[in-house]
Amino acid sequence: MYSISTKAATLLALASIAAANTWTLYCGDSCSGGTEIATGSNFTGAGCTNLASEYKYCYLSADELWYYGVVYQEADCLVSSDGPRSLIEPGGCTDAGAFGSYRIVVDL
C-alpha cells in the first residue's frame, strides 16, 4: 500500500516530466542563433514540412532524448542520391547543407 506522500511524489514527478517535454527546431547560417522553425511538446513530433526557404544548418533543442530531427535537401522529405537526409539528435546540429524540409520523430 502506498502512502499519500508517495503518491504525491509520483504525481509531481510525472507532472515535471510533462512540463519539460518540449523540442524546438532552429535553422540558419550557423549552429547557433538560427530562426525558430517549429516547436512541440507532449510526445508529439512533426510530419514532413516544407521549410519555405533553404537553410545551411539546422539544430534541435529538446528536453528529452526521444525526439530526433530529420532534415532533407528536397522540399518534400524525399531521399535520393542527389538529396540525402541528415539526422539531428537533441542538442545536435547538421553538417553544412542546403535543407528544404524537415520532420520531427518521437522514438519511445
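The values are calculated or read from the model by the stated rules, or taken from the named source; none is laboratory data. Note that the coordinates shown come from a computational prediction; the quantities given were computed from them, not determined experimentally. Virtual Cβ from ideal backbone geometry, glycine too; neighbours counted across all protein chains shown.
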**Report entry** Filtered residues of the stretch 28-53 (kept if within 16 Å of Ser101 (Cα to Cα), surrounded by 13 or more Cβ atoms within 10 Å (Cβ to Cβ) and touching a residue at least 24 places away in the same chain (Cβ under 8 Å))
**Finding:** Gly28, Gly34, Ile37, Ala38, Gly45, Ala46, Cys48, Thr49, Asn50, Leu51
Report summary line: All-but-one check, Ser61 against (1) touching a strand residue (DSSP E or B) at 6+ places or on another chain (Cβ under 6 Å); (2) part of a loop (DSSP other than H, G, I, E, B); (3) polar (S, T, N, Q), failing number (2)
Report summary line: Residues of the stretch 69-108 being in contact (Cβ under 8 Å) with a residue 40 or more places away in the chain, surrounded by fewer than 18 Cβ atoms within 10 Å (Cβ to Cβ) and not in a strand (DSSP E or B), in sequence order, are Pro90, Ala96, Ala98, Asp107, Leu108
Query raised in the report: Taking the condition under 19 Å from Thr35 (Cβ atoms) and at pLDDT below 90, does Ala62 pass?
Result: no
